[in-house]
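What follows is a set of notes on a single structure, which appears directly below.
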Amino acid sequence: MENITRKQAKKIIKKGTKKISDLDLQKVIDNQSFFEKIINENKALKDTISFVKLFISLVKDYFAGKYKDVPYWSIAAITFSLLYLFNPIDFVPDFIPIVGFVDDALILATCYKMIKVDLNKYEKWKSKNV
């Protein structure tokens with residue numbers, strides 16, 4: 001079985017963002033507890049919990065119109081990366097214990113690195129607008 005590389009993860013995210021719609025944003029918002037549960041239950045994803053919560057918060061604030069100072073591409077990248085968790089047959093199938101979520105973790109971590117500047121701006125805004 002082959003592991004996904006960071007370069008492949010970046011390519012997957014870039015391709016996936018082109019298909020994101022407002023319905024996908026709503027799906028992320030509606031499934032917040034699912035994402036948190038999956039992350040808390042899988043060792044390979046544990047390190048992503050803090051920024052996944054931030055991802056979801058940003059999508060919620062963007063969708064509600066509270067925060068728009070972010071390129072839509074960043075919102076689409078977050079949305080795609082989170083929805084990637086829904087796909088049981090992704091690069092490494094999720095039914096394979098621990099290893100099945102390694103590609104999911106890499107997709108989430110790569111997304112974080114790709115949008116870190118936008119996420120930092122959002123965090124500053126969020127801390128002032130709580």
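When SER81 is tested against (1) buried (at least 19 other Cβ atoms within 10 Å of the Cβ); (2) in contact with a Leu (Cβ under 6 Å, 6 or more places away or on another chain); (3) modelled with pLDDT of 95 or more; (4) of a type outside the set (Lys, Arg), just one condition goes unmet, and that condition is (3). Taking the conditions (1) aliphatic (A, V, I, L, M); (2) modelled with pLDDT of 95 or more; (3) surrounded by fewer than 19 Cβ atoms within 10 Å (Cβ to Cβ) in turn, ILE96 satisfies each one other than (2).
Taking the stretch 1-26, which residues are in a helix (DSSP H, G or I) and surrounded by fewer than 16 Cβ atoms within 10 Å (Cβ to Cβ)? Result: ARG6, LYS7, LYS11, LYS14, LYS15, ASP22, LEU23, GLN26. When each of ALA44, ALA9 is tested for being modelled with pLDDT of 80 or more and closer than 19 Å to LEU106 by Cα, the lone residue that passes is ALA9. Checking each residue in the stretch 31-85 for being assigned to a helix (DSSP H, G or I), closer than 18 Å to VAL130 by Cβ and either touching a His at 6+ places or on another chain (Cβ under 6 Å) or aliphatic (A, V, I, L, M) (or both) picks out LEU54, ILE56, LEU58, VAL59.
The values are calculated or read from the model by the stated rules, or taken from the named source; none is laboratory data. Every value quoted in this text rests on a predicted model; they were computed, and no experiment measured them. All Cβ positions, glycine included, derive from the backbone under ideal geometry; neighbour counts span all protein chains shown.
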